[in-house]
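The values are calculated or read from the model by the stated rules, or taken from the named source; none is laboratory data. What you are looking at is a predicted structure, and each value in this text was computed from that prediction instead of being measured. Glycine also receives a Cβ, built like all others from the backbone with ideal geometry; neighbour counts cover every protein chain displayed. Remember, those area values only see protein heavy atoms, side chains included, never the ligands or the DNA or RNA. Shrake-Rupley method; radii C 1.70, N 1.55, O 1.52, S 1.80 Å.
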Amino acid sequence: MFSSVAHLARANPFNAPHLQLVQDGLAGPRSNPAGPPGPPRRSRKLAAASVEEYSCEYGSAKFYALCGFGGVLSCGLTHTAVVPLDLVKCRMQVDPQKYKGIFNGFSVTLKEDGVRGLAKGWAPTFIGYSMQGLCKFGFYEVFKVLYSNMLGEENAYLWRTSLYLAASASAEFFADIALAPMEAAKVRIQTQPGYANTLRDAAPKMYKEEGLKAFYKGVAPLWMRQIPYTMMKFACFERTVEALYKFVVPKPRSECSKPEQLVVTFVAGYIGVWKGLFARIIMIGTLTALQWFIYDSVKVYFRLPRPPPPEMPESLKKKLGYTE
């Protein structure tokens, strides 16, 4: 796997080609000229065969498009699955006297609206969070490459946590603009009895009453809520994956099967949000872990390049005196 990434490394924001070869045991005595010769290089045919396993180049338009599609599935499906819980939560926030708790909220909703009432708002939720996922994950990959190229190879490694934070914040800025109209419609459907039961009823009514402002007046609160969360979500995930492969997984990612890699993805997604109240941990932790699992599964299914965790560039190792 490392050798197959070598040809992609120029676009890879975290690794250098020669460092990948060192990691893969292909560099021979380069890092230590006085030492014994290293293991023989692999044949070009094997490297070429490995390269062909990818369906596109890292950082290509197809790569970004499929990452965006992975975001559509990961966010759209997971948020739609928890619509009943989200509905009760929103009603508890708007009318705490009537909806006194989670279980009481479900009981009141079932009594008044029946089982179908628990699905209110599913359409704007699915559309809105699909659009958010498209921008969140797709633009994250774009901004990660863009900012790393601006920083340069060494600074991209040294400041990689800041890079993750900046890339995810930039992506979420646009993701919330995409989400805001559907989120506004969803809230009206779920929290204003009698206003509208479906997106087809709510959207025209909102536009007639307030114009486009009705769909975007909630974007600022979305930014305040979602951007910090997304920054922590992506930065924690990236650093957790790096730590798991370094300290926990007993073999390099290149030697792990794809199912094993997906398990690491799920665990990293869960650990990355292991802070806060227990109930929120269960809901948000599981939701986030599933999102990363679905997103990475899309990458595996479409055979997208998945660079290994970042490692220190050889040039930086020399500057720090780690190699001669």
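Structure data summary
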quantity: Estimated dipole of the range 149-194 in Debye, rounded to 20 [Cβ of Lys and Arg +1, of Asp and Glu -1, Cα centre]; calculated: 280 debye
quantity: Linear extension gain, Ala243 paired with Arg116, 0.36 nm per residue minus alpha-carbon span; calculated: 41.3 nm
quantity: FRET efficiency, Tyr322 to Ala65 (Cβ-Cβ, R0 45 Å, nearest 0.05); calculated: 0.70
quantity: Ser257 versus Gln93: modelled label distance in nm, points set 7 Å from Cα along the beta carbon direction; calculated: 4.2 nm
quantity: Virtual spin-label span in nm between Lys100 and Ile177, 7 Å along Cα→Cβ; calculated: 4.6 nm
quantity: Protein accessible area in the range 163-220, 1.4 Å probe - carbon and sulfur %; calculated: 63 percent
quantity: Top positive-direction residue, dipole computed over the range 170-324 with Cβ charges, set Leu304, Phe215, Thr240; calculated: Phe215
